[in-house]
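Following: one structure in structure tokens, then a few remarks.
Just so it is clear, none of the values below were taken in a lab; they were calculated from the coordinates. Everything quoted here is computed from the prediction, not taken from an experiment. Positions of Cβ are generated from backbone atoms using ideal geometry, with glycine treated the same way; all protein chains shown enter the neighbour counts.
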Amino acid sequence: MKIRKFILITLAFLCLLNLNVFSQKTEKYKLKKVVIDAGHGGKDPGAIGKKAQEKEICLAIALKLGYYIETYIEGVEVIYTRKTDDFIELHERANIANDNNADLFISIHVNSTEGNTAYGTSTYVMGLHKSDDQMEVAKTENSVILQEADYKKKYSGFDPDSPETYIILNLYQNAYFDQSVILAEKVQTQFEKRAGRKNGGVRQAGLLVLWQTTMPSVLIETGFISNKKEEDFLITTYGQEIIASAIFRAFRDYKNEVELKNNEYDIVINKENKQKKNIEKEEKVVKKDEDKNNNVKKNEKRSNNIEYKVQIKSSTTKVALDASEFKNIENIEEIIIDGVYKYTVGSTSDFDKILEKQSEIRKKIPGAFVIAFKNGKKVTIKEARAD
Ligand SMILES: [Zn+2]
């Protein structure tokens, strides 16, 4: 029963998800907002080492990373989930990112295990864990919700210790998986090649804080506090600077890559539009004035309409419409919003019809969800429904 309730609420959550992460613009895409999340805080110390607590290291690295971005990258707003030693509930951390329409969410943590031999860095994206230690990280990081009042209500019966809940979490494909992996790989490369840290790789796990964000997101384990050498490194300003600057370079490279991809796409679109315009020009010559006026009116009317589509995939790279992952799905449309390719099916102004379409598509792609447009611009479902 508990699990069923969890599934239902999860579905509702996905349907009503505040999808205002992307706002379609005619100008070139720029990554403008990043949320930096220092793990734990306040009454929740996180993992405890011999000399320090996880929450202190997370905050120090988060502030340094934010400072580097604010200082060296123009036009990017940094939003912190905490800048002081405060307890912030897990869902609130995701809310801060969602409500601010952030382009990226970076959560900073320090790992810990029984024993003192394990060391190294790893970056997590939301997904299905492939080993027990990945599952353990998810359990540990998610268990902070147990310190929140009413956590059962707030997280729809989510039990951080139950394997079933993780299986359910993973039924829902994360729409930002691909982009999150791109950033995670860059972070790990920087750690290994430039910061001289052990590369524990890009990993997947059912991390609640990532699951609740509606943008590409990663959770970085910057080292093991349970390992003496790594704790000694992570508590120094020098160590924190090395880690923060590695994440900074990964962020900068990710931003450049996503923005460049969008610009390449713009060139193709502009070419197509030019060709279209030329054809339209020729047609206009033979049309009567009356017809022209009618067309203008028609177009005006259409542009005020709300349009719903079902998104089945997003990717920073172009995906062929006949790719095997799209097998048995017809009439796929490719659109680009803020540097990201979105693949959608269906198009209707009728919300009930698009929900039907969504259920149909979810049989093949469980992570599919409804997105809305107004005057051709991406809006939230809430905004579309208000019309
Ligand atoms: Zn942590």
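The mean of 1/r over all pairs of different alpha-carbon atoms in region 31-89, once inverted, gives a Kirkwood hydrodynamic radius of 12.0 Å.
Local charge sum around E54 (other residues, Cβ-Cβ under 11 Å, Lys/Arg +1, Asp/Glu -1)? Display every interim value, and only then the final one.
Working: positive: K55; negative: D44, E56, E141, E221, E231.
Cβ neighbours under 11 Å give a net charge of -4.
Over the residues of region 302-386, compute the C-alpha Rg and express it relative to 2.2 N^0.38 Å. Each step should come with its number before you reach the end.
Details: Rg = 12.6 Å, N = 85, 2.2 N^0.38 = 11.9 Å.
Relative to the 2.2 N^0.38 Å estimate, region 302-386 comes out at 1.06.
Pairs of Cα atoms under 8 Å, at least six residues apart: use those to get the relative contact order of region 131-255, whole percent. Relative contact order comes out at 29 percent. Taking amide hydrogens as placed 1.01 Å from N in the peptide plane, the amide H of G223 sits under 5 Å from those of N111, S122, each at least 5 positions away in sequence or on another chain.
3J(HN,Hα) along region 186-193: 5, 4, 5, 4, 4, 4, 6, 7 Hz, from the Karplus curve 6.51 cos²θ - 1.76 cosθ + 1.60 with θ = phi - 60°, whole Hz, x for Gly and Pro. The calculated P(r) of region 164-262, using every Cα pair and 5 Å bins from 0, goes 2, 12, 20, 20, 18, 14, 9, 4, 1 in percent. Among the listed pairs K33/K364; K130/K309; K139/K229; K28/K139; K154/K186; K186/K318, those whose Cα-Cα separation exceeds 30 Å are K33/K364; K130/K309; K28/K139; K154/K186.
Short version: what are the Cα gyration tensor semi-axes of region 177-220, square root of 5 times each eigenvalue, largest first, in whole Å?
21, 10, 8
How much net charge surrounds S107 when only the other residues with a Cβ under 9 Å from the Cβ of S107 are counted, with Lys and Arg +1 and Asp and Glu -1? It works out to a net charge of -1.
Apply the Debye scattering formula to region 31-257, with a single equal point scatterer on each alpha-carbon and no solvent, then give log10 I(q)/I(0) at q = 0.12, 0.13 Å⁻¹. For region 31-257, the Cα-only Debye profile gives -0.57, -0.68.
Order 320-330, 346-356 from most to least packed using the mean count of other Cβ atoms within 10 Å.
Numbers: 320-330: 10.5, 346-356: 15.0.
In descending order of packing, they fall as 346-356, 320-330.
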